[in-house]
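The values are calculated or read from the model by the stated rules, or taken from the named source; none is laboratory data. Bear in mind that the values here come from a model prediction, so they are computed numbers and not experimental data. Positions of Cβ are backbone-derived with ideal geometry, glycine not excepted, and every protein chain shown enters the neighbour counts.
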Amino acid sequence: MPSILKAQGSTCATAIQLTLDGVLRNYSTSSGTGANVVCTNNGTTPVTWFKFTTSATAECPLLNLTIADSSACEVAFYTSCSSFLTSSSMCFYDGYGLWAPNENLVIQPNTVYYLRIKTATAGTIRIAGQFYTPPNDNCFGAKSIGADSIYDNNACHHAGPGVTPTQLCAFTLENTAWYQFFIVTTGYGIVNIRNIHCNNGAANNNTGFQIGFFTGSCSTLTWVNCQNGSGAFVQAITNLLPAGTRVYVAIDGVSGSNCSYMISGLNIVGVLSGNVKNFSGWKTTHTNMLYWTTLTEPGGYYIIEKSINGKDFYEAGRVQSKIAGATNVNYNFEDKDPQAANYYRLKQVDPKGYIALSNVIFINRADLLDFNVKLNNPAGNSLNLNVSAKEPGKYQFSIFNMQGQKIRSQTYSLIRGNNQFSINLSGVPVGQYALVTASENERISKLFVKGY
């Protein structure tokens, strides 16, 4: 429950100490009054002074502030009781928002700073403060987004880095937040930013974002396109991109706005977090082995997806996650039906159904190709074959009964590597048979049962 503190803070000398621990606290306005110093003047009204002490590592102080009666308020920032700083002062005309120092202010460690909060009426000021270092202040910390909305803010972020205002359809950059996703199917990735609430300094409260899309890697970003928009809902759309493309998104508040918002998208899927490490693959004589490790197990399950062209993936198998909360958990999956070219990616599905994908890995088995025939056993009216051929050419497929009589024979032209096709068994009686596959240099026999 929020705690109620005794009214203080009528002057800077009696400023109320804020504890930046993330706890919501209610503060009564002081008996002091005064005029506005940065915002539109609304006369002489209650003024309450607060102070906070920065951390030893000079993390960004982030305040979530609400005036109980929803009246407008002014937050004036002071580096000392006599040193006012306009750039870090802010006007909350709707009575709530996020406050953080201006992105250009260098916060000093273990230092006391002051806030003068002027409200339109006497009442209660609600403040939840915390030290906050945004993980997605640059591309390397880009947060994963998908179809499900996540809540975020850009109040403690800085400009860029590594991108120019033009790449975000902006004139200047002040507080850029970074996100990333994969394109699901070839087409357009759509990013939706909703429930946008912004405040920016003492001048105005523009609501909206400037947005840039990039591919490549964080070290070498390739610009795709950019868009901007204003209001409580902003949508941005990539150019046409192939399925599986990894996209980075940089968003910047209009005119340096400190904003809170919900962000999600369409035709996009999340990027597997750094919690999953060492997704790798190794080839054995006849199979491919995949390995990965989770630093902390989230629960849910993993889907191993496979492709022979790097674009069209299908499910090759599933692995149930181990106990949620377990640390340094090792997993493996054996692909018993590898092809000459094998692309794999890992799909994580957490207990809430949130999906994230890994990067694609490639295993080339061209140097390990051997002559092998795999078939469905027992078979029905079709004998489905998966034939691995070392060399292209014509291969004869003959079916013999247990008395040595040939009852079917067909010739197929095979390519080097994997070949898939079926032999019609309609009219073949139920029983045991032998499939003999032969070329000029190879011969292999497989027994199977013809069922009903």
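Scan 423, 399 and give me the residue that is at pLDDT 90 or above, more than 47 Å from the chain's Cα centre (by Cα), part of a strand (DSSP E or B) and not assigned by TED's automatic domain parsing to the domain that holds residue 297.
On the way: 423 fails: more than 47 Å from the chain's Cα centre (by Cα).
Of the residues listed, the single one that is at pLDDT 90 or above, more than 47 Å from the chain's Cα centre (by Cα), part of a strand (DSSP E or B) and not assigned by TED's automatic domain parsing to the domain that holds residue 297 is 399.
Residues of the stretch 402-418 that are touching a Leu at 6+ places or on another chain (Cβ under 8 Å) and in a strand (DSSP E or B): 408, 417.
Flag: residue 291 does not match the condition of being in contact with a Cys (Cβ under 9 Å, 6 or more places away or on another chain) and part of a strand (DSSP E or B).
Taking the stretch 279-299 as the range and being of a type in the set (S, T, N, Q) and either in the same structural domain as residue 231 (by TED's automatic domain parsing) or touching a residue at least 40 places away in the same chain (Cβ under 8 Å) (or both) as the test, the residues that pass are 280, 285, 287, 288.
Evaluated against (1) touching a Cys at 6+ places or on another chain (Cβ under 8 Å); (2) at pLDDT 95 or above; (3) crowded, with 23+ Cβ neighbours inside 10 Å, residue 137 falls short on exactly one condition, (3).
For the stretch 334-373, list the strands (runs of 3 or more DSSP E) that sit wholly inside it and hold at least 2 residues that are in contact (Cβ under 8 Å) with a residue 12 or more places away in the chain and touching a Ser or Thr at 6+ places or on another chain (Cβ under 7 Å); which are they?
Qualifying strands (runs of 3 or more DSSP E): 341-349.
Of the residues that make up the stretch 333-344, is at least one farther than 28 Å from residue 180 by Cα and over 38 Å from the mean Cα position of the chain (by Cα)? No; the residues of the stretch 333-344 include none that is farther than 28 Å from residue 180 by Cα and over 38 Å from the mean Cα position of the chain (by Cα).
So which residues in the stretch 299-310 are at pLDDT below 90 and out of contact with any Pro (no Cβ under 7 Å at 6 or more places or on another chain), if there are any at all? Once the filter is applied, which keeps residues that are at pLDDT below 90 and out of contact with any Pro (no Cβ under 7 Å at 6 or more places or on another chain), the stretch 299-310 yields 308, 309, 310.
Looking for something within 34 Å of the chain's Cα centre (by Cα), among the hydrophobic types (A, V, I, L, M, F, W, C) and under 13 Å from residue 118 (Cα atoms) - is there at least one such residue anywhere in the stretch 44-66? I'd like the intermediate steps shown before the answer.
First pass over the stretch 44-66, keeping only residues within 34 Å of the chain's Cα centre (by Cα): 52-66.
Add one more test, that the residue is among the hydrophobic types (A, V, I, L, M, F, W, C), and what stays is 52, 56, 58, 60, 62-63, 65.
With the extra rule that they be under 13 Å from residue 118 (Cα atoms), the set shrinks to 65.
Looking through the stretch 44-66, at least one residue is within 34 Å of the chain's Cα centre (by Cα), among the hydrophobic types (A, V, I, L, M, F, W, C) and under 13 Å from residue 118 (Cα atoms).
As for the stretch 422-437, it holds no residue that is in contact with an Asp or Glu (Cβ under 8 Å, 6 or more places away or on another chain) and in contact (Cβ under 8 Å) with a residue 24 or more places away in the chain. For residue 195, the criteria (1) outside any loop (DSSP other than H, G, I, E, B); (2) surrounded by 15 or more Cβ atoms within 10 Å (Cβ to Cβ); (3) under 21 Å from the mean Cα position of the chain (by Cα) hold in every case but one, which is (2). You will find that of 11, 53, 48, 57, the residue that is surrounded by fewer than 16 Cβ atoms within 10 Å (Cβ to Cβ) and more than 22 Å from residue 155 (Cα to Cα) is 11 and no other.
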